[in-house]
Amino acid sequence: MLLKAKNLKKIYGFDDNRVEALKDLSIEIEEGTFVAIVGRSGSGKSTLLHVLGGLVKPDKGEVLLEEQSLYSMSDDTLTRLRRRRMGFVFQFFNLISTQNVIENIVLPIHLDNGKVDEEYIHEIIDLLGLTEKKNAFIHELSGGQQQKVAIARALASKPAIIFADEPTGNLDAKSSKEVVDLLKIAQRQYHETVIMVTHDELIASVADRIITIEDGRIINDTKTKS
């Protein structure tokens, strides 16, 4: 099993403002699957994604990626693991405006002092339809193109898993479909494991598995025919 989470509990706030975002939640994710996590606003779905991705420490429970316990690591070790074994795609693209497309894509590799696989990077750029834009700056791109750059950046280090948090939240319907289709292609072509949070049932329908979260708990876990 690629990713395991056991008895996760996460609480925000105190007293009257106390919110239990995750309630003794456990989950396992198989390698090479595309998983959609759905639920209403405030259900805990983004908190779950962030805990699984090593971004938010749970108050209780354990997360293991490739049998490594994320929250038993030092902060520096966890940061290195995220750079090397995880890719992230967010609703807000988090790109560097002063750098061009290629520079944004390879940034995580440079931060980790790694070696860029030029052939692989150009393969990704071509796959995502960014070849003609590879030297463009971020302000010269549409929202859909910027999200494609974010996907390429997530793939650049050949991670074990990609976490996508509402990746179509700022896009129109056409761009949304293109972005999710590209995540699906990345899963199939590069055997990536993808975990995506979305509130859109149509977007979620491309996944192999749909997990529904309500009030910090999993209320439904369904395999699809996609």
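Report yes if GLU123 is surrounded by fewer than 18 Cβ atoms within 10 Å (Cβ to Cβ), touching a Lys or Arg at 6+ places or on another chain (Cβ under 8 Å) and either modelled with pLDDT of 95 or more or not hydroxyl-bearing (Ser, Thr, Tyr) (or both), otherwise no.
Considered against the rule, which asks whether it is surrounded by fewer than 18 Cβ atoms within 10 Å (Cβ to Cβ), touching a Lys or Arg at 6+ places or on another chain (Cβ under 8 Å) and either modelled with pLDDT of 95 or more or not hydroxyl-bearing (Ser, Thr, Tyr) (or both), GLU123 comes out as no.
Return a yes/no flag: does region 78-97 have any residue that is farther than 17 Å from PHE163 by Cβ, free of Cβ contacts under 8 Å to residues at least 40 places away in the same chain and among the β-branched types (Val, Ile, Thr).
Checked against the condition, which is being farther than 17 Å from PHE163 by Cβ, free of Cβ contacts under 8 Å to residues at least 40 places away in the same chain and among the β-branched types (Val, Ile, Thr), region 78-97 yields no hits at all.
Considering only region 55-72, state which residues are surrounded by fewer than 21 Cβ atoms within 10 Å (Cβ to Cβ) and either in contact (Cβ under 8 Å) with a residue 40 or more places away in the chain or assigned to a loop (DSSP other than H, G, I, E, B) (or both).
Matches in region 55-72: LEU55, VAL56, LYS57, ASP59, LYS60, GLY61, GLU62, LEU64, GLU66, GLU67.
What are the pairs, 6+ residues apart or on separate chains, where a residue within region 142-154 that is in contact (Cβ under 8 Å) with a residue 24 or more places away in the chain has its Cβ under 8 Å from a residue that is of a type in the set (D, E, K, R) and not in a helix (DSSP H, G or I)?
GLY143/ASP172; GLY144/ASP172
Under the condition of being acidic (Asp, Glu) and without any contact (Cβ under 8 Å) to a residue 40 or more places away in the chain, which residue from region 167-199 is surrounded by the most Cβ atoms within 10 Å (Cβ to Cβ)?
So, considering only residues that are acidic (Asp, Glu) and without any contact (Cβ under 8 Å) to a residue 40 or more places away in the chain, the one surrounded by the most Cβ atoms within 10 Å (Cβ to Cβ) is GLU178.
The values are calculated or read from the model by the stated rules, or taken from the named source; none is laboratory data. What you see is a predicted model; the values in this text were computed from it and never measured. Note that we place each Cβ from the backbone using ideal geometry, even for glycine, and neighbour counts take in every protein chain shown.
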